[in-house]
Structures are given as C-alpha cells and as structure tokens.
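The values are calculated or read from the model by the stated rules, or taken from the named source; none is laboratory data. Here the structure is a predicted model, which means the values were calculated and not measured. Heads up, the Cβs are rebuilt from the backbone with ideal geometry, glycines too, and the neighbour counts pull from every protein chain shown. Side chains included, ligands, DNA and RNA excluded: accessible areas come from the protein's heavy atoms. Shrake-Rupley method; radii C 1.70, N 1.55, O 1.52, S 1.80 Å.
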Amino acid sequence: MGKARSSTRIQAPTLARLPPLTSLRTFVVAARHLSFTRAAEELHVSPAAIGQQIRILEDYVGEQLFHRNTARLRLTDAGRLLMPGLTDAFEGMLEAVAHLAGGARENVIRVSVAPSFAARWLVSRLERLRHSVPDLKVQVNASTELADVEREDVDCVLRYGAGTYPGLFVERLFSEAVVPICSPAFAEDYGLNPRTRSLQGVPLLHEEGPEYDSSCPDWSTWLRGMGMSSRGLDHGLGLNQSSLILDAAVSGQGLALGKLRLAEADLRAGRLIIPFGKPHPVEFSYYFVASSRKAKAAPVELFLQWMRAEAQLVRDVAMAHPRSSSPQEPGEQPTASSCQ
C-alpha cells in the first residue's frame, strides 16, 4: 500500500462528503494514461493543475495514489484499488448524459456478432425483434474477435465458443451440432442417400478458419464415428467461415459438415438437404456476453429477453432429428428437412 498522507482516517463517504468531482475525474484520466501531461491534454488544463487535483484527492483518501519517483508514472496499490470503481461510475454517468443528449430516449444497443451467426441466424430474425420491441434500435457489428465489452463501443456480444469469458455476464443460448449437408442436385449427381457407406471421390468442404472449434469433428473423425470408410477422401475446398461453407454447399461445390443451426433456413427452403447421417453435437454453444454493468442497462435487458425467447424456439441438438430430403428409399415420399 502506498505511504499514508495523513494519520487521520476519513469517515465513511456519503454524497455530502465525497471528494471534489474534478479531482475524481482527473484521477481517472491520469490513471488511464499514466501521464499527467497526456491527462492535461485530454482535460485541456496544465500538468500542474492535474498534479494539484491529484494531491487534493490523496489528501482526502489519506493515501498516495501514484508513484512519482520513477521513470514512468505508476499507480500505487491504493490507486489500483480505486481505479475500477471510479471508471465504472464515470462510464455510467457518461451513458446517462449521452442518453439524454442524444435526444430521444431511444433504446439503442450495439451488438458484436460473429459473421456467420449474423448472416445465417440473427439478421433473418431482426424483423421479428422490430415487431416485438419496436422501440429498440439494434446496431450489428460482425466480427470474430471478442470485443472488450468493458471499454469498446459495444454493449454485448453473441459468440460461438466454450463460454469461458471471466469477469463478464455470460448466458448460454443454445447448442450446436454438425451434420452432412449438400444441395439436392449434388446428392443426386454423387448418389448420396441413406445407404451411402463411402465418400470416395466425393468433393468435400472443410472449415478451417477462426469459427472452427476443436470439438467439431473433421471428415475423417466423423466417418469413423459413423462406422463409414474414410479411404480415398477428396480434400475439396477449405473455407474460413461457416457461412462460406454453407454458400459453397448450396452452390453444389461439395459435401459439408455444416453447423445445423446456421443451415436451418437453407434446409427449410430445400436449398440444402441432409443426404445421410445424424447430427453430431459439439462442445461449443452460442452465448450472450456483456459486462456486468451493461447487462443491467434497459436496451441490453430488452435484447436479452428477446434472445431468450428465440432460443426457446430452438430445441437442443440432442433432441433434434432432422429428416433427410435426399433421394428416398423406394416407396417413400420426399419430405423437407426440419431442424427446428
């Protein structure tokens, strides 16, 4: 702990006995930059004024907040203890003021979403959100990187992963599975049907990018698990996004191990079919993630409530048994695939 500046401990703070707001704001900016000079530039004052405000705050708390006798300004233990709470408080004030200044008491939420999930799942449902919560304005940013929800210009993220996001509010939405999918014409050209026991000579599609997860089987692993031969596999195409895998499958370029949730619209429309096999559940799931503070904001709560309702419409993949719309066994009638 830094050296105490006073032997007298302060009383428990109240709104009537808070230190000056200017000193608190100055400390937050100086601690963020770890520089009185850069803090002075941001607040449009002199470095001497920054130092004066820091001394006022140090006198109030009875602790030294910065190590000044080093080549670089550093926070003391007391400064590190004070920084998170004050940062959250000022961010909350900025949000409240911005909400009024932006006029409109408009419920705006900025959502960071993985590109494939945005394109294949979320966007098609936003019309339902508009009707369900007409006052909520959603701004979608497609990105594969987990945004810093504590600091960046984003309110929450929707991600496919293991759900390990320490220190954040995390809620699992629903699970995922992979299953062989292709276009109806591709299945007919290569004779793919429920009796298929080998994929020798069949062009395959492989997901190889940041949206791939280690719990998702590759073709060799999937075939072995199904007791099917993996000899003579055609490598086909490698693509770096789940949505590109589905695009390639729809256009007849190969047979994919597609993510069932993302393929739902194409399966329903008949652009894709499941020629054989059953869904293979994977360990990763889809998650809603936000900071603990932002998760309590009204727009975020509205969006999460809607996401929960949508997730309830998606049965767990372990219970899903989509029917094949591939070439049928003799005497069967063609049926549309279902992965509700």
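Restricted to the range 1-110, the set of helices (runs of 4 or more DSSP H) holding at least 2 residues that are among the acidic types (Asp, Glu) and modelled with pLDDT under 85 comprises 77-101.
One residue stands out in the range 131-146 among those that are of a type outside the set (A, V, I, L, M) and surrounded by 14 or more Cβ atoms within 10 Å (Cβ to Cβ): the one that is modelled with the lowest pLDDT, namely 144.
Within the range 288-297, no residue satisfies the criterion of being at pLDDT 90 or above and open to solvent by 30 Å² or more (accessible area, probe 1.4 Å). I need the full set of residues from the range 20-40 which are more than 10 Å from residue 73 (Cβ to Cβ), surrounded by fewer than 16 Cβ atoms within 10 Å (Cβ to Cβ) and hydrophobic (A, V, I, L, M, F, W, C), in order please. Within the range 20-40, just 21 meets the criteria. Among the residues of the range 147-160, are any open to solvent by 60 Å² or more (accessible area, probe 1.4 Å), on the phi > 0 side of the Ramachandran plot and either in contact with a Pro (Cβ under 9 Å, 6 or more places away or on another chain) or at pLDDT below 90 (or both)? No; the residues of the range 147-160 include none that is open to solvent by 60 Å² or more (accessible area, probe 1.4 Å), on the phi > 0 side of the Ramachandran plot and either in contact with a Pro (Cβ under 9 Å, 6 or more places away or on another chain) or at pLDDT below 90 (or both).
Taken over the range 133-147, the residue count meeting the criterion of being part of a loop (DSSP other than H, G, I, E, B), among the hydrophobic types (A, V, I, L, M, F, W, C) and in contact (Cβ under 8 Å) with a residue 60 or more places away in the chain is 2.
Consider residue 130 carefully, then state whether it is free of Cβ contacts under 8 Å to residues at least 24 places away in the same chain and among the basic types (Lys, Arg). Judged against the criteria, residue 130 is a match. Just one of the numbered conditions (1) at pLDDT below 90; (2) of a type outside the set (Phe, Trp, Tyr); (3) out of contact with any Gly (no Cβ under 7 Å at 6 or more places or on another chain) is not true of residue 269: (1). Among the residues of the range 254-280, how many are surrounded by fewer than 18 Cβ atoms within 10 Å (Cβ to Cβ) and of a type in the set (D, E, K, R)? Counting residues in the range 254-280 that are surrounded by fewer than 18 Cβ atoms within 10 Å (Cβ to Cβ) and of a type in the set (D, E, K, R) gives 3.
In the set 172, 128, only one residue is assigned to a strand (DSSP E or B) and either surrounded by 16 or more Cβ atoms within 10 Å (Cβ to Cβ) or at pLDDT 90 or above (or both); that residue is 172.
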